[in-house]
Amino acid sequence: MNILRLPPYPLTITYDVPDASTDYFIIIEDSIVNKDLKVSVTSDGNSQVSYNLEGFFLDYDQEYRLTIYEDAAGELGDIVVQDSLNIARPYVNPADIAPSQSDIAAYTQHEELARAIIDDYVGVGFGYRRSVMEVVGQDTDYMPLWDKAHKILYAYENAKLVWDAEEDPSALDNYNYYITRDGSAITKDPVNAAGEQLNRHEKKQAGTKVNPSDSFTLYDTSDSPVTQFMESGVVFPAGWDYIFVLETGYKVVPMDVKRATEMLIDDIACGKLEYYQRYVTAYSTDQYRVKMDESVLDGTGNILVDKMLAKYVVSLDRPGVL
């Protein structure tokens, strides 16, 4: 089931079930935080069950696995419905651009297709979602971010929950986690370090060990003519495991993306194909042999839309170790 994340809220889902006036369980699996929502519902006289989606369902574009079970004396019985529940914010509201009330359903399908074309072209899309980042510490004070991140929801260090944005205080250990002002990395500060200067390590320190001697000592003593001072520690030690649950993407859809979506919807609704003709590199009147440039498969089918979206194209979809 596809649900558009648009007001009025709450969002309501409705499913057909085998029997009327019968108890069922709806379970919605949230794979991002490994939690399941379990609710008890009763079917109406039309053998349908309904549930109002609230909370985080209204905040993020996400896909969930939904299963409906029979209520067997308070336990999970047979499965009667299995579905993929996809909640997504449209790039434009179909009701705002449809010529008439009767055209809203058709324009809803057009918007869904135009959104899929744009997402495929730019590589990531313009949704607002929760993302999971699993990384290993690299002996620095910064954890680089590749996605457009806005907020840290949860942080786990070596499988221990150390940051929970819903808790007060958020820091469940000795550090506050936050995203740097330029949005390029995650870092953290000691909880009790107010007013202290912090010189962060942006690269891994050299691992050369220094042996104590009469000339070099690990500690400053009164009789040491030359002292080797040791570097301070880092907040993301090498080999430590970290899991971050982040809010990523676009809180609002950019205006040029909205305009590009409207142009694609107009092309789809009107059946315009003239933009594809611009990719014709050769043709022959002998049995109408036509040769298309290979770039026709790289765009949205509308050259103007391609130009508008070019600055958003992501060439590195899943980065690795550089």
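Derivation of every value follows stated rules applied to the coordinates shown; laboratory data play no part. Computed from a prediction, not measured in an experiment: that's the story for all the values here. Counting neighbours? That spans all protein chains shown, and the Cβs are built from the backbone with ideal geometry, glycine included.
Figures for the structure shown
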item	result
Extended-chain gain in nm, criterion 0.36 nm per residue less alpha-carbon gap, S100 and I79	3.5 nm
Separation of alpha-carbon centers, the stretch 91-140 and the stretch 1-78, rounded to whole Å	23
Derived scalar couplings ³J(HN,Hα) [the stretch 107-117; Karplus, 6.51 cos²θ - 1.76 cosθ + 1.60; whole Hz; x for Gly, Pro]	6, 5, 5, 4, 5, 4, 5, 4, 5, 5, 5
Sites N176 and D30 - FRET efficiency at Förster radius 25 Å, r taken between beta-carbons, to 0.05	0.45
Set K160/K203; K160/K204; K38/K160; K151/K203; K160/K311 screened for pairs whose C-alpha atoms are more than 28 Å apart	K160/K311
Ranked R115, R129, criterion: other C-beta atoms within 10 Å, fewest first	R129, R115
In order through the stretch 182-189: 3J(HN,Hα) via Karplus (6.51 cos²θ - 1.76 cosθ + 1.60), integer Hz, x for Gly, Pro	7, x, 8, 7, 9, 9, 8, 10
Theoretical gain in end-to-end length, D71 to V39 [0.36 nm per residue, Cα-Cα removed]	10.4 nm
Dimensions in Å of the stretch 2-89 - Rg and Dmax from alpha carbons	13.0, 38
Residues L58 and W146, FRET efficiency given R0 of 35 Å [Cβ-Cβ distance, rounded to 0.05]	0.85
